[in-house]
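Student: Let me begin by handing over the structure; questions about it come next.
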Amino acid sequence: EDKVVQSPLSLVVHEGDTVTLNCSYEVTNFRSLLWYKQEKKAPTFLFMLTSSGIEKKSGRLSSILDKKELFSILNITATQTGDSAIYLCAVGRDNDMRFGAGTRLTVKP
Amino acid sequence: NAGVTQTPKFQVLKTGQSMTLQCAQDMNHEYMSWYRQDPGMGLRLIHYSVGAGITDQGEVPNGYNVSRSTTEDFPLRLLSAAPSQTSVYFCASSPGQAPYEQYFGPGTRLTVT
């Protein structure tokens, strides 16, 4: 059965800390791995990864994919309270997408 | 552009009632989808469409119907509401015929009593 597993499920850090969120997957017909950020309402897109070993960066966020070991990580450096959110990992297949349960990140001042 | 819009924002139904959740997008996106989000379970795909006139089932389709008569609209129908359908429902769209960089609507919080 296809599955996407995120860890940890929740994380509490202080401003300035660096965090690493994990996503492992076992999915047929893999096409891409995506990260979304969900604050109070709708998820918003962060990254899409299709090739192993190529880091994607946006400001303090970065992500990388390992297609051999079937996992991805999302790093956030110098965390801020505005980074508090649920981070969702999803695997895109031909026509659909499977999401993990998410990691709830809380950044305390 | 309004992006992806959903109505209503909140809805309370009694068991057995039917209703339609509306979703529209003004970005001329081919791909549209419906998800439900329950605590601790992430987003689960209900139905999706790769273009007008084409729909298919996702991971959890039972109890729901969809249709796609235009590129812009993708309504989700609950046929006979059950308490297990209490959830937050998100509609999403993406360019092309694949679900990759999806744009999500603001969600509908549905409670079935």
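Student: Looking at A:Ser24, A:Ser32, A:Ser10, A:Ser62, which is the one that is more than 29 Å from B:Tyr48 (Cβ to Cβ) and either at the interface with chain B (Cβ under 10 Å from one of its Cβ atoms) or under 11 Å from the mean Cα position of the chain (by Cα) (or both)? Working first, answer last.
Tutor: Numbers: A:Ser24 fails: more than 29 Å from B:Tyr48 (Cβ to Cβ); A:Ser32 fails: more than 29 Å from B:Tyr48 (Cβ to Cβ); A:Ser10 fails: either at the interface with chain B (Cβ under 10 Å from one of its Cβ atoms) or under 11 Å from the mean Cα position of the chain (by Cα) (or both).
Just a single option satisfies the conditions, and that option is A:Ser62.
Student: Out of the residues in the range A:86-109 that are more than 14 Å from chain B (Cβ to nearest Cβ) and surrounded by fewer than 20 Cβ atoms within 10 Å (Cβ to Cβ), which is nearest to B:Ser49 (Cα to Cα)?
Tutor: Taking the candidates together, the pick is A:Thr106.
Student: Of everything in the range B:32-41, what is over 17 Å from B:Leu79 (Cα atoms) and crowded, with 23+ Cβ neighbours inside 10 Å? Give them in sequence order.
Tutor: B:Met32, B:Ser33
Student: Can you find, within the range B:45-72, the residue that is nearest to B:Pro83 (Cα to Cα) among those that are of a type in the set (A, V, I, L, M) and assigned to a strand (DSSP E or B)? Walk me through it before giving the result.
Tutor: First, the residues of the range B:45-72 that are of a type in the set (A, V, I, L, M): B:45-46, B:50, B:52, B:54, B:60, B:66.
Now narrow it down to the ones that are assigned to a strand (DSSP E or B): B:45-46, B:50, B:54, B:66.
Details: B:Leu45: 19, B:Ile46: 17, B:Val50: 30, B:Ile54: 29, B:Val66: 20 Å.
For the range B:45-72, the residue satisfying everything is B:Ile46.
Student: Quick check on the range B:48-67: of everything there that is in contact with a Leu (Cβ under 7 Å, 6 or more places away or on another chain) and within 11 Å of another protein chain (Cβ to nearest Cβ), which residue is farthest from A:Gln6 (Cα to Cα)?
Tutor: B:Gly58
Student: Considering the range A:35-59 alone, what residues qualify as being assigned to a loop (DSSP other than H, G, I, E, B), within 11 Å of chain B (Cβ to nearest Cβ) and closer than 19 Å to A:Gln80 by Cα?
Tutor: The first filter runs over the range A:35-59 and keeps only residues assigned to a loop (DSSP other than H, G, I, E, B), leaving A:39-42, A:50-55, A:59.
With the extra rule that they be within 11 Å of chain B (Cβ to nearest Cβ), the set shrinks to A:40-42, A:50.
Scanning the range A:35-59 gives a single hit, A:Lys40.
Student: So, one more: With the requirement that a residue be under 14 Å from B:Ala92 (Cβ atoms) and in a strand (DSSP E or B), what does the range B:1-21 give you?
Tutor: Scanning the range B:1-21 gives B:Val4, B:Thr5, B:Gln6, B:Leu21.
Values quoted throughout were computed directly from the atomic coordinates according to the rules given, and no laboratory measurement underlies them. Keep in mind the model is a prediction, meaning the values are calculated, not measured. Methodologically, a virtual Cβ is constructed for each residue, glycine included, from the backbone with ideal geometry; neighbour enumeration extends over all protein chains shown.
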